[in-house]
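**Q** Handing you this structure, nothing more for now.
The values are calculated or read from the model by the stated rules, or taken from the named source; none is laboratory data. Because the structure is a prediction, the values reported are computed rather than measured. Cβ atoms come from the backbone with ideal geometry, glycine included; neighbour counts cover every protein chain shown. What goes into the accessible areas is simple: the full protein's heavy atoms, side chains included, and nothing from ligands, DNA or RNA. Shrake-Rupley method; radii C 1.70, N 1.55, O 1.52, S 1.80 Å.
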Amino acid sequence: MSGFRLETGGRVDRNQPVQFRFDGTSYQGLEGDTLASALLANGVMLFGRSFKYHRPRGILAAGSEEPNALVSVDRGPGRFTPNLRATGVEIHAGLNAVSQNRWPSLKADFGAINDRLGMFFPAGFYNKTFMWPRSFWDKVYEPAIRQMAGLGDAPTAEDPDHYASTYAHCDLLIVGAGPAGIDAALGSMDTNKRIILIDEQDELGGGALADPALWPWLERSHKALIDAPNVTILTRTTAFGYYHDNFIGAVQRLTDHLPKPGDGAREKLWRIRAGEVVLAQGAIERPLVFEGNDTPGVMLSSAAKIFATRYGVAVGKAVVLMAAHDSGWHDVFALAKAGVGIAAIIDVRERVDSALMQEAGRLGIAVHLNHSVMGVSGRHSVRAVQICNNDDYLARRIDCDAVLMAGGWTPSVHLWSHSKGSLKWRDDLGAYVPDQPNENVRCVGGCSGDWDFGNGAVIDVLPTPKDHSRIKAFVDFQNDVTAKDIKLAVREGFRSIEHIKRYTTNGMATDQGKTSNLNGLQIASSALDKPVPDIGLTSFRPPYTPQTFGALAGHAKGALFQPTRTTNIDSWADAHGAVFELVAQWRRARYFPKSGEDMHAAVNRECVAVRSSVGIFDASTLGKIEVVGPDAAEFLNRMYTNPWKALEPGRCRYGLLLKEDGFITDDGVSARLAPDRFHLTTTTGGAARVLNMMEDYLQTEWPDLDVWLTSTTEQYAVIALQGPNARKVLEPLVEGIDLSAEAFPHMAIREGMICGIPTRLFRVSFTGELGFEINVPTAYGRAVWERLMAQGAQYDITPYGTEAMHVLRAEKGFIIVGQDTDGTVTPFDAGLDWAVGKKKPDFVGKRSMARPDIVAPGRKQLVGLLTDDPNVVLEEGAQIVADPKQPVPMTMIGHVTSSYWSETLGRSIAFALVAGGHEMTGDTLHIPMPGKTHIAKVSGLVFYDPEGARLHV
Amino acid sequence: MILIHCPYCDEKRPEIEFANAGQAHIARPIDPSGESDADWETYLFIRANPRGRHHERWRHVHGCGRFFNAVRDTVTDKFETTYKAGEPRR
Ligand SMILES: [Zn+2]
């Protein structure tokens, strides 16, 4: 034996040495080692510092339940992964791992002062201590706690890796490829079922990997499964969550174990829908609770066996077993046969199976029944244990360098619990086992409570002559919760395990209490003098083990986080320096700055151009719905507030859409193309919502109406040409449409050709100027736009963006639904009662316009606001008060909804929703803003060309 | 992710294809103007919030587009049945 590597045994490749680094020191391990086994082989016992007390910690377990040995792996810029369990990190050439939660170094850690001050850190300490004074929280407590607490450091650089994802479907999904899982796969292999077998480790076998007698069977089974065409094997894959209808999420780790990560995906997210699920997750050994049970070198008995038989590593040269369960004896016998020195077996029980006693005798191992470990000597590693007789507390010391704990077994019911399967308590196991399933799922092997590890005693805390209130006997190693913390919580009145858990944080660390929940329950049960099932059960939730955000996000990040909708003209705007904004996932040109212009200057120029000559605007994002059928007019008549039946083909109408509660939900100008065909427009953001609402009424309230609705938003590019010269620009390009004012009046639609392309040409205006909206098939949008730009050059045609569009419409008093309304505004509130058909017997929302709340006085109503100082542009959202001298908090009577600088008018303009506003024209209101309270007078909504003379030219 | 049976497509499809559309079997009155304020309030706003069986509407919005009715258990999130709009309450 060189160091702690055994001469023989294990599945590591002794011909393949691997160099790696831990905390800057270079070590050699073997191909097949984990970071944990490789460091143990080098005699390293100290792996990290604990979360709260910064106590030195070693390895507790050998698998994914490890709570202590959390490390960070650094693979270069952006590839820094914190909080990995050393027991799951496969070593490879160049691996660079570092310990966590220590400063300045693992051996000399400043935060360990917390441990000496332990008496000041009882359960609920944070809740109690840092409550007061409030002012200390931000400046003193929180920075100090943040400095000291927390697990690994979050990476700061952008992750250069990419992550794949896939869906899979199978008849049978088996989670866990230990003997039980492999048997389940072999048993179904010869059917025609599609089978997926998942295991989190790098090779199949689970517990069999630590049992050399099973290796030949394992090899045969593995080969049979690989050869079976209907079986998919996923190793290094963690089934982290079990969701409705047998939907399982799993992450497959593809490159972290490789010396060079390469260009492939680092991890792959599997979303698996399974006909049947077999859970074979095994069982996790329970630690025992005694003072010093967190000293590096104190670990689970099963872990020591795995290190010896799977990795060929001795966890010590003189090992002591502290057992409450037969399984520990079998582990120690296996260790002894592998060449590990055994100092003693201590068992808390008075009697054990005579066969165990005989085997211990045959191997020459000293046995102390009815004894308990009451203390551990050594801080960074074990030097000795003090044991005592359970009856008379007669103590003695045993020199040793490792202590194994065999506290019994806890079935891994995590995924079973995710699936909402019920659990039942088994006194003999001291554990919950699966009871009734909620999905098509069954548990096999260890996770069902079915194992052949022998018998054991269920025990909360080992007997000790010491004062229980003064010793640190750990229950939750990762969150530093001790037995006395749980007892304290009970003394302070907590009765339910859900409350005890949250107060003490037992089981709330990243391991979700895999090794601590049952011990916590037993201690609470004893303290409350109630059986465990009476104090409840905490729930497991996904993920089973921590997963990377990268795997869950996949490619849905950056530009691919959500789709960006672009118009056919977007590329032109991009090439011409447009500044964009996102509107309901559409990328829209906000303004087109010329060299040296800021937004303000650009918008002023764009507005003036529209009012004085002609502007061009990409309105393609407007929602569009084609409404067709013999009952189309009747349908629209029922949906909208306006009358539609008398609208002649070729004419347009402004439509106002309410919800049934009487509040405005959308608006838009729509055209009747034929007696049975309408071209509707909606707001950009409301298109999908309006179509859904119309489908709802059509399908479920009025299925007798013969109408079809089709979304045509993306079928048309729409170019708004607005300004006194709009007709002159358009005329030479249009065929088959008489553009004269007499033949083609405001609010009309004509079909014809533009630049040789069919068009639906609207004469409409959202600016108050002579205007046209040119609808052409989407693919021709940019081509027509460019022809219009060329044709308009003589009039200095000016592209304008959404910002100028907002100013121009506000000058004319046109509202924007969703900006000037907020879902509580009626047509009357918005000054749109002219758009309500008074004679119509019914339409959506009509009955609500007579609701008591809606006819009551004092409703907020939309008005114009003109500041006394014309240069002040109010902030949108600013609150309005009637009397600025009233005491704070003031009575707010409304708020500003839209506010702009109007270059055309040479002053600011605003809209506001103000309680009783329609009665307040000419009144003075006050708008308190940081630094100053502004004064404004209530006006009408139309600030420019109130007669509409500019429209009808 | 739940699987929901669309009674029009007659297929079980993942829930991301569907949108919930509120409580089922609340018919719009034939003549809303004849409704009292109290009845109209009930129609607009008053909804059941049961623990257990709940009748609700769903739309196969990213599929056939049809609205249909369902009985879902609000405790287990399991769908008991789905049926076409206009069919009697189950
Ligand atoms: Zn469908």
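**Q** Lys and Arg at +1, Asp and Glu at -1: add these up for the other residues within a Cβ distance under 12 Å of A:Lys514 and post the number.
**A** Residues near A:Lys514 contribute -3 overall.
**Q** What are the chymotrypsin sites (Phe, Trp or Tyr not before Pro) within segment A:457-566 that DSSP puts in a loop, where the Cβ has at most 16 other Cβ atoms within 10 Å?
**A** Taking segment A:457-566 and a limit of 16 other Cβ atoms within 10 Å, the loop chymotrypsin sites (Phe, Trp or Tyr not before Pro) found are A:Phe561.
**Q** What FRET efficiency comes out for A:Ala553 versus A:Asp822 if R0 is 30 angstrom and r is the Cβ-Cβ distance? Round to the nearest 0.05.
**A** My answer for the efficiency is 0.35.
**Q** Shifting gears a bit: Run the helix sum for chain A: -39,500 (n - 2.57) per DSSP H stretch of 4+ residues, divided by residue count, reported at 222 nm to the nearest 500 deg cm²/dmol.
**A** The helix-only estimate for chain A comes to -5500 deg cm²/dmol at 222 nm.
**Q** Apply the Karplus parameterisation 6.51 cos²θ - 1.76 cosθ + 1.60, with θ equal to phi minus 60°, to every residue of segment A:523-531 and state each ³J(HN,Hα) to the nearest whole Hz, in sequence, with x for glycine and proline.
**A** Per-residue couplings from phi come out as 5, 5, 4, 5, 5, 8, 6, 9, x Hz.
**Q** Over 30 Å between C-alpha atoms is what I'm after, so list which of A:Lys659/A:Lys812; A:Lys193/B:Lys84; A:Lys466/A:Lys501; A:Lys223/A:Lys260; A:Lys420/A:Lys659; A:Lys260/A:Lys557 land there.
**A** A:Lys193/B:Lys84; A:Lys420/A:Lys659
**Q** Then there is this: Could you give the accessible area per residue of segment A:473-573, probe 1.4 Å, as a whole number in Å²?
**A** Per-residue value: 42 Å².
**Q** Got a sec? Which residues of segment A:841-886 lose 50 Å² or more of accessible surface with every protein chain in place, vs. that chain alone, 1.4 Å probe?
**A** When all protein chains are present, A:Asp842, A:Arg847 each give up 50 Å² or more of accessible surface.
**Q** Tell me the Kirkwood radius of chain A: reciprocal of the mean inverse pair distance over distinct alpha-carbon atoms, in Å.
**A** Across chain A, the inverse of the average 1/r is 33.8 Å.
**Q** Whole-Hz Karplus ³J(HN,Hα) for segment A:4-20, in order, using 6.51 cos²θ - 1.76 cosθ + 1.60 and θ = phi - 60°, x for Gly and Pro?
**A** Each residue of segment A:4-20 in turn: 10, 7, 5, 4, 9, x, x, 9, 6, 9, 5, 8, 10, x, 10, 8, 8 Hz.
**Q** Kindly tabulate the residues in segment A:227-260 with an accessible-area decrease of at least 40 Å² between the chain alone and the assembly of all protein chains, using a probe of 1.4 Å.
**A** The answer is A:His244, A:Asp245.
**Q** Just report the Cα centroid separation between segment A:10-78 and segment A:804-882, whole Å.
**A** Distance between centres, Cα-based: 67 Å.
**Q** Taking each residue of B:79-86 in turn, how many C-beta atoms of other protein chains fall within 10 Å of its C-beta, and what is the average?
**A** That works out to 1 on average.
**Q** If you don't mind, there's one more thing I want to ask. Tell me the Kirkwood hydrodynamic radius of segment A:474-556 in angstroms, computed as one over the mean inverse distance between distinct C-alpha pairs.
**A** When all Cα pairs of segment A:474-556 are included, the Kirkwood radius is 13.4 Å.
**Q** How many Cβ atoms of partner chains, on average, are near each residue of A:691-703 if near means within 10 Å of its Cβ?
**A** Whole-number average of other-chain Cβ neighbours for A:691-703 is 4.
**Q** Further, regarding this structure: Treating only the Cβ of Lys, Arg, Asp and Glu as charged (+1, +1, -1, -1), what charge dipole size does segment A:753-893 show about its Cα centre? Round to the nearest 20 debye.
**A** It comes to approximately 900 debye.
**Q** For peptide B:38-44, what's the mean number of Cβ atoms from other chains within 10 Å of each residue's Cβ?
**A** 3
**Q** Taking the mean number of other Cβ atoms within 10 Å as a proxy for protection, how do you rank A:382-393, A:877-888 from highest to lowest?
**A** In decreasing order of mean packing, A:382-393, A:877-888 become A:382-393, A:877-888.
**Q** Further, regarding this structure: Label 7 Å along Cα→Cβ of B:Ala19; segment A:677-698 residues with amide nitrogen under 12 Å?
**A** A:686-697
**Q** Turning to a different aspect of this structure: Within straight cross-link reach of B:Lys78, meaning Cα distance under 14 Å, which aspartates and glutamates are found once same-chain residues fewer than 8 apart are removed?
**A** A:Asp245, A:Glu439, B:Glu15, B:Glu56
**Q** What does the charge count near A:Gly449 come to, summing +1 for each Lys or Arg and -1 for each Asp or Glu among other residues with Cβ under 15 Å from its Cβ?
**A** Local charge sum for A:Gly449: -2.
**Q** If R₀ is 30 angstrom, what is the calculated FRET efficiency for the pair B:Arg89 and A:Trp834, using the beta carbon separation as r and rounding to 0.05?
**A** Efficiency, rounded to the nearest 0.05: 0.10.
**Q** A follow-up question, please. Check which residues have an amide H placed less than 5 Å from A:Glu31's amide H, if you skip close sequence neighbours.
**A** A:Asp13, A:Gln16, A:Val18
**Q** Total Å² of accessible surface buried at the A-B contact, 1.4 Å probe, nearest 100?
**A** Between A and B, the summed buried area is about 2100 Å².
**Q** If we sort B:3-14, A:618-629, A:648-659 on the protection proxy, mean other Cβ atoms within 10 Å, highest first, what's the order?
**A** Put in order of decreasing packing, that is A:618-629, A:648-659, B:3-14.
**Q** Taking segment A:163-283, how much of its Cα-Cα pair set, in percent, is spaced more than 25 angstrom apart?
**A** The proportion of pairs with Cα distances above 25 Å equals 23 percent.
**Q** Please state the relative contact order of chain A as a whole percent: Cα pairs under 8 Å, 6+ residues apart?
**A** Result for chain A is 8 percent.
**Q** Can you give me the three principal axis dimensions of segment A:617-779 from its C-alpha atoms, in Å, biggest first?
**A** 48, 29, 28
**Q** Apply the Karplus curve 6.51 cos²θ - 1.76 cosθ + 1.60, θ = phi - 60°, to the phi angles in segment A:858-866 and return the couplings in whole Hz, x for Gly and Pro.
**A** For segment A:858-866, the Karplus-derived couplings read x, 5, 6, 10, 7, 9, x, 10, 10 Hz, x marking Gly and Pro.
**Q** Continuing with this model, one more query. Normalised by the number of residues in segment A:391-508, what is the relative contact order in percent for Cα pairs under 8 Å and 6+ residues apart?
**A** The normalised contact order for segment A:391-508 reaches 17 percent.
**Q** Something else: Report the charge-dipole magnitude of chain B in Debye, nearest 20, computed about the Cα centre from +1 at each Lys and Arg Cβ and -1 at each Asp and Glu Cβ.
**A** 360
**Q** Sticking with this one: Which GluC sites (Glu not before Pro) in segment A:892-953 sit in a loop by DSSP (not H, G, I, E or B) and have at most 14 other Cβ atoms within 10 Å of their own Cβ?
**A** Sites meeting the loop and neighbour criteria: A:Glu947.
**Q** Take every DSSP beta bridge with both residues inside the protein assembly as shown and express the antiparallel ones as a percent of the total, to the nearest 5.
**A** 75
**Q** Using the per-residue mean of other Cβ atoms lying within 10 Å as a proxy for protection, in what order, highest first, do the peptides A:294-303, B:73-82, A:332-341 fall?
**A** The densest-packed peptide leads the list: A:294-303, A:332-341, B:73-82.
**Q** Same structure, new question: Roughly how many Å² is the accessible area per residue of segment A:852-938, as a whole number, for a 1.4 Å probe?
**A** Counting only protein heavy atoms, the per-residue value for segment A:852-938 is 48 Å².
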